[in-house]
Amino acid sequence: MKVGNLVQVNPNKFHYGDGMMGIITELFPAVDDWKETAMVSFPNGKHVEYELVDLKKAEEKECHYCGGNCPNEPEDSEYLCDGFAGDIDGLYAEDTQAAVQDYVFWREAIEGVK
């Protein structure tokens with residue numbers, strides 16, 4: 001594993017972020033009883049250190065338009081192909097619909113159904 005890898009935290013009742021995905025921001029060598037560790041940054045702003053054995057590299061998605069890394073880039077990335085950025089053929093419409101449904105569900109759960 002290396003800095004910049006997208007990783008997922010292995011399930012364990014003692015870990016913060018079980019199953020969450022984050023980015024490795026720093027790597028540290030083994031010290032005393034600790035094996036090699038990594039600092040992981042999560043989308044919610046938290047930064048947590050884990051032993052590498054507690055992380056797995058997340059599967060990155062390939063762009064349906066260009067075959068590149070577009071789905072794994074930030075929305076404002078300069079590296080997005082035009083097809084992905086505008087979803088000109090609607091190849092990601094299903095993903096978008098699922099995201100909207102999730103958002104509506106959690107919004108209603110938090111604020112109550114109106």
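Structure notes:
- Candidate aspartates and glutamates for bridging to LYS2, where Cα separation is under 16 Å - those fewer than 8 sequence places away on the same chain excluded: GLU26, GLU36, GLU49, GLU51, ASP54, GLU59, GLU60
- Where the range 1-53 is the region considered: accessible area per residue in Å², 1.4 Å probe: 66 Å²
- Under 5 Å from the amide H of LEU55 lie the amide H atoms of ASN10, each residue being 5 or more positions distant or on a separate chain, with H modelled from the backbone and absent for Pro and chain starts.
- One chain, two ends: GLU73 and LYS35. Fully extended at 0.36 nm per residue, the span grows by 10.7 nm beyond their Cα-Cα distance.
- Full extension of the chain between MET20 and GLU59 yields a length gain of 12.7 nm, computed as 0.36 nm times the residue separation minus the alpha carbon distance.
- Using the alpha-carbon positions of the range 5-93, Rg (one decimal) and Dmax (whole number) come out as 16.2, 54 Å.
The values are calculated or read from the model by the stated rules, or taken from the named source; none is laboratory data. None of the values given here were measured: they were computed from a predicted structure. These accessible areas exclude ligands, DNA and RNA; they are computed on the full protein's heavy atoms, side chains included. Shrake-Rupley method; radii C 1.70, N 1.55, O 1.52, S 1.80 Å.
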